[in-house]
Every structure is written in C-alpha cells, then in structure tokens.
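Beneath this line is the structure, given in structure tokens, with notes to follow.
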Amino acid sequence: MTKSEIRNVHARRVWDSRGRPTVEAEVHLADGSIGRAIAPAGASRGSNEAIDRRDQGKAFGGMGVAQAVKSVHEEIAPALRGLSAADQAAVDRRLIELDGTALKSRLGGNAVIAVSMAVAHAAAACAGEPLWRYLAAGRPVRLPMPIIQIFGGGAHAGRRIDLQDFLLVPIGATSFDEATAIAAEVYRAAGLLMEERGLLRGVADEGGWWPEFSSNEEALSEAVRAIEKAGFRPGENVSLAIDVAASQFGRKDRYKLTADKTELDTAGLVKRLAEWCVRYPIISVEDPVAEDDHDGMRAFTAAVGERVQVIGDDYLVTSAERVTKAAAAGACNAVLLKPNQIGTLTETLAASDAARRAGWRTIVSARSGKTEDFTIVHLATGWGADQLKVGSFARSERMAKWNEGIRIEEALGAAARFAGRDAVGGTGRRVAAE
Ligand code: PGA
Ligand code: ZN
C-alpha cells in the first residue's frame, strides 16, 4: 500500500456564484489525506466544450446535479480506488476511458473535472505541500499577471452591450500584490465615474460594473477615463484587454452589434476591432470572431498579432489539438486555459504545453459561474502561466482567487517572482496576411 492510494471518492451538491447547483468532489487517500474541489460553470460556452451532466426536469431550472453526483459515487469512485493520486495522468486517463465519449457527456464534465482537481489537491496534501508547489515539482515558479474585469457585458450583463469583458492589465505592477492594488483603485474609480453619470445598473456576473452604455466603444473610453481618474497612465501603467466573445452575437460574416446598431461581416468586425486596438491601449483581445470563423481569426491575428495578444477561448476550448492546429494556421497567439472546458487537469496541462511549444502565451481562467474554490490560482502559479483571469474585483468568489495569489506570493518570500509586462501582449513578430 502506498500513502497516496485512493481509498474513496465522494461527491456532494453545493451551490455556485449564480446560486445554481454544482458538484464538489472529495478524494480520500490511504494516509488520511483529503483533497476537495468544486466544478465551475460557464455561461458563454464554446460548442466543443466538455458537457456537464444536468438533471433537466423542473428543479433548479433543469440545472440539478444529482446525476453527476451519482456518476461519482457509482462509477468514478470504484474505478479510481487503488490508483495513486500522485499519478495524475493515470487517474485522468482512467476517467477519460471510463466516460468513453468525446465531450465527457456520459459521466458529466462537471463530475470529471471536480474529481480530477480533487485528486491533485489530495496528492499535494499527501506530499505535505501546497498545490502550487507540488505542481511546480521543483521548477522555479512565478505569479501570473492578473487580468481584471472592470465592465461586464454580453451574456453576463443582460446583453446591454455586445462585448463581454472590458478588462485591466496592470502592466506597471512589479508584484501580484501591487497588481491587485492597482486593480482596486481603477475599479473604484470606474464605479464612481459611472455613478456620477447616473449609468450604473449594478454588477455583472463576474463582479464587473454593469453600466447603461450606449455603445461598445463607450466602455473603452470610460475604462480609459477610469484609469486616469485613479491616477495611472493608460498604456503605461495600466493597459486594456477585451473579451469580445463573438460567438455570442454572431457567426462568420454575420455579426450583429446591437449596442452599435450595426451588422458587420467578418472583414468589417476585424477592421473595427483592429481600429479600437489603435485608438485605445488594448494589448489583448479574446475571441475576436466566432468559434467557427477560422478565416476571421487568421485575419485578425495577421492584422494585430505583432502588438496585441490574440486569445482563443471558445475557439480553442483548452484543447491541445486545436492549439497546435491554430498555431500552424497563424490563428491566435495565446490560449485561455479553462480546466472544465476540456475536463481533466492532464488535458489542460497538455493544452498549455502545446501553446508553449508554439511560442504562445497562456492564460489560466475562471468561469462566470464560480465558487470559493481557488484551484486555478495554484494551477496558474504551479504551471508558470503568464496570466490569470478570474473576473472582476468584487464578489467573494472572485476575491478568493486574488487573495490566494497574495498568500502564495507571500509564502514565496524573497523567491517570489512576478510575470510582469513582458508576459502579456503581442508576439513582436509580423505575420504576413495571405
Ligand atoms: P463563461 O465565459 O461564461 O463561459 O465562463 C467566460 C469567458 O468567456 O472568458
Ligand atoms: Zn472568453
């Protein structure tokens, strides 16, 4: 018997930041170590993501997780018993085989990711190490650059504006702690500005302000004003990032920007976004076009990729295979890593490795439906990701992540390093359009 042998896997229903049911898994090892993790849930989901198992039916708007919890108790627990939690790859392989579907729909993506993450936590506990240190396995670690939402839109804010996220990148920060302090000042300034103008409707799903803007561009100009009001220089201390989440308002050659009262083809959308990247200090753009718009993704990357980071989220769904293909095609130059998009930690790490091989940057990301679980902060730090995106600077399910980063930085003490401004932005390489 080894200390790290899995003795039992337990699951329960808990609740996420939208008040919806989700799965918490608990893994018990032979030496008494316990690992626990909770599955998150997205609202603007890619169509090639792992599929959560939901009960349908009347209760909780069909979002119940009784079936997913049952998958854990009846199938996953017996299949994992006896495996070593220290061999994450073997555990995840067993989960993938046991499920047997392309998108983990049989056992449920929610059941599988909760267990996969809980196994990592149990293994770290068994090794007597915090998860980030355990995952780093002796490699030097550094804290990722935070990307912090300031305004929410799209599917997270009643579609008042079309673009989903307007975010800050505190490029002038020299530590994670300082990055959060800058975010706090700008977030507060943005709130005051919106209040002064009488535009505030509340906060969106990820804690960002939800103002009554009359166009998408107004969110950009107001974000710049907020940076200035907080006493920082736009583009010098603090830059901007956007998550267009374009699959939410269109598909190839048909993009309907309701807030701008306009419909654009792919070339039109690419042109408009590229113009915004010149007019505003934007250094990162996520999902600029829809998940089926390969040509648009290539055109946009060719147009701005030298200076601007182009992130694939719905477009890549944390898949190593998609990352490798996209890199060969010159579509995107960075990958968003959402563990529940692909379903296991081993596959998430594979997507990260594929991105590194391509010379891309990596961004570990939360989902819009979250909990107090802060596993992703440990993944980002332990795996050496460039950036961490967990939503805005309000609501405890978001703050739990920022606060955990601060604790990790402090635990590293003098050895703490920070992925500064060089860890975000374009490739510096020109890519020729065809
Ligand atoms: P989600 O979206 O609602 O699917 O979590 C977050 C994102 O698009 O980055
Ligand atoms: Zn996204």
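The values are calculated or read from the model by the stated rules, or taken from the named source; none is laboratory data. Owing to the predicted nature of the structure, the values given are computational and were not obtained by experimental measurement. Don't worry about glycine lacking a Cβ; one is built from the backbone with ideal geometry, like all the others, and counts go over all protein chains shown. Areas reflect the complete protein model, heavy atoms only, side chains present, ligands, DNA and RNA absent. Shrake-Rupley method; radii C 1.70, N 1.55, O 1.52, S 1.80 Å.
Could you list, in sequence order, the residues of the range 44-71 that are under 30 Å from PRO288 (Cα atoms) and away from ligand 1 (no atom under 16 Å from the Cβ)?
Once the filter is applied, which keeps residues that are under 30 Å from PRO288 (Cα atoms) and away from ligand 1 (no atom under 16 Å from the Cβ), the range 44-71 yields only ARG53.
Take the residues of the range 343-377 that are assigned to a helix (DSSP H, G or I) and touching a residue at least 60 places away in the same chain (Cβ under 8 Å): which is farthest from ligand 1 (Cβ to nearest atom)? Working first, answer last.
Step one: of the range 343-377, the residues assigned to a helix (DSSP H, G or I) are 345-357, 375-377.
From what's left, touching a residue at least 60 places away in the same chain (Cβ under 8 Å): 345-347, 375, 377.
On the way: LEU345: 18, THR346: 21, GLU347: 18, THR375: 15, VAL377: 16 Å.
Out of the qualifying residues, it is THR346.
Which of the helices (runs of 4 or more DSSP H) contained wholly in the range 1-114 include at least 2 residues that are farther than 27 Å from ALA400 by Cβ and without any contact (Cβ under 8 Å) to a residue 24 or more places away in the chain? Talk me through it step by step, then tell me what you get.
Values: elements: 66-70, 77-80, 88-99.
It comes to 77-80, 88-99.
For GLY57, work out the one condition from (1) within 16 Å of ligand 2 (Cβ to nearest atom); (2) at pLDDT below 95 it doesn't fulfil.
Every condition holds for GLY57 apart from (1).
Scan the range 234-255 for residues that are in contact (Cβ under 8 Å) with a residue 60 or more places away in the chain and not in a helix (DSSP H, G or I) and report the count.
Initial filter on the range 234-255 (in contact (Cβ under 8 Å) with a residue 60 or more places away in the chain): 236-245, 247-249.
Subset that is not in a helix (DSSP H, G or I): 236-245, 249.
Adding up the residues that qualify gives 11.
Has the range 37-46 got any residue that is open to solvent by 20 Å² or more (accessible area, probe 1.4 Å), at pLDDT 95 or above and away from ligand 2 (no atom under 16 Å from the Cβ)?
no
If ASP292 meets every condition in (1) under 30 Å from ALA400 (Cβ atoms); (2) within 16 Å of ligand 2 (Cβ to nearest atom) apart from one, which number is that one?
Answer for ASP292: the failing condition is (1).
Just to be sure, is ARG18 within 19 Å of the chain's Cα centre (by Cα), assigned by TED's automatic domain parsing to the domain that holds ALA120, surrounded by fewer than 18 Cβ atoms within 10 Å (Cβ to Cβ) and away from ligand 2 (no atom under 16 Å from the Cβ)?
yes
Quick grid of which residues meet (1) closer than 18 Å to PHE374 by Cα; (2) open to solvent by 30 Å² or more (accessible area, probe 1.4 Å):
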| position | (1), (2) |
| --- | --- |
| LYS58 | no, yes |
| GLY61 | no, yes |
| LEU80 | no, no |
| LEU83 | no, yes |
| LEU98 | no, yes |
| ASN110 | yes, no |
| ILE113 | yes, no |
